[in-house]
Amino acid sequence: MNVRNERRGISGVQYHLYKERNVMQSMVALYTRVCGLLDRLRNPLLLAIRLYWGWQFMQDGWGKLTHLDKVTEFFTSLNLPSPHTTALLCASVEFFGGIFFTFGILARLTSLVLFVNMTMAYLSVPDDRINFSHILSKPEDFYGASPYTYWFAALLILILGPGFFAVDTLVKRRAAGNSKG
């Protein structure tokens, strides 16, 4: 212990505890600042997810709509009920849902519909059904299946919401402004 600490009446143990407490407080403050900076990336990330995967949903839906005969044939091979109607419904959900998803229009409802659609995609195709059942036992099969990224993007927006840069947010802000005035 040095002379300064002796004059203050601080023992060596007390001094080390004091220093450790300061180091810990500094680490907590730094962690809090880093978390604050990362929180600022939440809305841009949600926008990027919506833009990228909304575009993918639109493209896939459009591809199905413009090749409905091939999709109907595929759905027939899977023994899905009313294959033509099912193909039209799935194509429409992906195309129009992709538009809504991209712009954040009724984002959570749209995400729920897309999530259910992708879950059905998992469960309808025999290989993907097996992959879906491996969600816990062999996750690489689950996330390696083709519906996974669509399924996960829809799940993220369903749970986290569309973020600040969305039509839903504009509507909520406008409605809140109108109710005050």
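Here are a few things to note about the model shown:
- Estimated inter-spin distance, Tyr31 and Leu51, nm [label 7 Å along Cα→Cβ]: 3.3 nm
- Highest-first packing order for the peptide set 107-119, 141-153 is 107-119, 141-153, based on the mean count of other beta carbon atoms within 10 Å.
- Angstrom value of the Kirkwood radius, inverse mean 1/r, which spans all Cα pairs in region 37-137: 14.6 Å
- Lys19-Arg42 FRET efficiency (beta carbon distance; Förster radius 45 Å; 0.05 resolution): 0.80
- Answer label for semi-axes √(5λ) of the Cα gyration tensor in Å (calculated), chosen among (i) 41, 23, 14; (ii) 52, 24, 11; (iii) 44, 25, 11: (ii)
- For region 84-181: span of alpha carbons on each principal axis (Å, largest first): 56, 34, 15
- Stretching Ser137 away from Ala176 to a fully extended chain increases their span by 9.4 nm, per 0.36 nm per residue minus the current alpha-carbon distance.
- Measuring nothing but how far apart in sequence close Cα pairs (under 8 Å, 6+ apart) lie, relative to its length, region 41-180 scores a relative contact order of 29 percent.
Quick note: the coordinates plus some simple rules give every number you see, no bench work behind them. For clarity, every value in this text was computed on a predicted model and none was experimentally measured. Positions of Cβ are backbone-derived with ideal geometry, glycine not excepted, and every protein chain shown enters the neighbour counts.
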